[in-house]
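Written out below as structure tokens is the structure these notes cover.
The values are calculated or read from the model by the stated rules, or taken from the named source; none is laboratory data. Everything numeric here is computed off the predicted structure, so don't read it as measured data. So basically every Cβ, Gly included, is an ideal-geometry build from the backbone, and we count neighbours across all protein chains shown. These accessible areas exclude ligands, DNA and RNA; they are computed on the full protein's heavy atoms, side chains included. Shrake-Rupley method; radii C 1.70, N 1.55, O 1.52, S 1.80 Å.
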There are 2 protein chains.
Amino acid sequence: MSTFRHFEDFEPGQVIPLGSKLVDRDEVIAFATEFDPQPFHLDEEAGKASVLGGLAASGWHTSSMLMRLMCDGLLLASSCNGSPGIDEVRWMRPVFPGDTLNATAEVLATRALRSRPGLGVVTLRMTLVNQHGVPVMTLENSILFGRRENAA
Amino acid sequence: MSTFRHFEDFEPGQVIPLGSKLVDRDEVIAFATEFDPQPFHLDEEAGKASVLGGLAASGWHTSSMLMRLMCDGLLLASSCNGSPGIDEVRWMRPVFPGDTLNATAEVLATRALRSRPGLGVVTLRMTLVNQHGVPVMTLENSILFGRRENAA
């Protein structure tokens, strides 16, 4: 298979490895400072006093780290045309600085679009697993991909 | 009502204004560079050539801007204990630099937790509307809040 993926290259059941990301403490605090300045995302003591059990990444930061892995592992070498949305984002375990997160994308479904013949929708289930093998996050993402017959 | 909200302060049907955010071009590009480096989030010409119609914010950036409005307008003055996840994220329209996004949170449901008597779950539907009055994003977020009788 070419490493550049079009709609036709996805089949239900495929599992695509997306690589891994080391969670950096400065990045956790920088993201939280800009977008999610709740104390348990900024400060170790506040994290310990919370249900998270320690300074932990914002769920939106974890989601954004996953998005970067999706870009590098899949989307930037594809005919991706964006996404109408996300379902069932689940933050199952806290993500701590020093964790290494490994991402995979499983193809759940593919659907050609009658309304836009050049595009198709691929529904992916993403899973982030930490260095202990424990899933920390899952989500389902429907993404628009261009069809190969449309390619230049 | 106190401006500091506990679980008991939420009732289905309440609509909580969360304030507004001007979308900054440099911030759009900075976020995309770190987390979502697809061309249509980085470059005007690539955006025009895409389904987005112009350089547009990553959906995860829009989500993160909404999270900051939620923090400033609600969560930082509350007994928020984090969130197990998000449902039905819908990116309905592109978000462009120069747009002003206004956020509201509608309380859909509240549920005391039998398993954790000090906490309750509040399900909120967030809506981001641009300066033309057009909804650009919605999501549903279940958030854990401490109960008032537990407060010090």
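A few remarks follow.
- If you go through the stretch A:19-37 and pick out every residue that is open to solvent by 10 Å² or more (accessible area, probe 1.4 Å) and either outside any helix (DSSP H, G or I) or of a type in the set (D, E, K, R) (or both), you end up with 10.
Residue by residue, here is whether (1) in a loop (DSSP other than H, G, I, E, B); (2) under 14 Å from the mean Cα position of the chain (by Cα); (3) over 20 Å from B:Trp60 (Cβ atoms); (4) touching a residue at least 60 places away in the same chain (Cβ under 8 Å) holds:
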{"position": "A:Pro17", "(1), (2), (3), (4)": "no, yes, yes, yes"}
{"position": "A:Phe40", "(1), (2), (3), (4)": "no, no, yes, no"}
{"position": "A:Gly47", "(1), (2), (3), (4)": "no, no, yes, no"}
{"position": "A:Gly98", "(1), (2), (3), (4)": "yes, no, yes, yes"}
{"position": "A:Ala103", "(1), (2), (3), (4)": "no, yes, no, yes"}
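- Neighbours by Cβ (under 8 Å, 6+ apart or cross-chain): first from the stretch A:55-69, over 20 Å from B:Cys80 (Cα atoms); second assigned to a helix (DSSP H, G or I) and of a type in the set (Gly, Ala, Ser): A:Ser64/B:Ser64
- Cβ-Cβ distances below 6 Å connect the following pairs, each with a first residue in the stretch B:71-85 that is more than 7 Å from every other protein chain (Cβ to nearest Cβ) and open to solvent by 10 Å² or more (accessible area, probe 1.4 Å), a second residue that is part of a loop (DSSP other than H, G, I, E, B) and among the hydrophobic types (A, V, I, L, M, F, W, C), and a separation of six or more residues or different chains: B:Ala77/B:Phe4.
- Residue list for the stretch A:46-70, filter: at the interface with chain B (Cβ under 8 Å from one of its Cβ atoms), open to solvent by less than 20 Å² (accessible area, probe 1.4 Å) and of a type in the set (Gly, Ala, Ser): A:Ser58, A:Gly59, A:Ser63, A:Ser64
- Test: residue in the stretch B:112-126 that is facing another protein chain (nearest Cβ under 10 Å), crowded, with 17+ Cβ neighbours inside 10 Å and either aromatic (Phe, Trp, Tyr) or within 25 Å of A:Cys71 (Cα to Cα) (or both): no
- Search result, residues across the stretch B:131-148 that are touching an Asp or Glu at 6+ places or on another chain (Cβ under 9 Å), open to solvent by less than 20 Å² (accessible area, probe 1.4 Å) and under 20 Å from A:Gly85 (Cα atoms): B:Val136, B:Thr138, B:Leu139, B:Asn141
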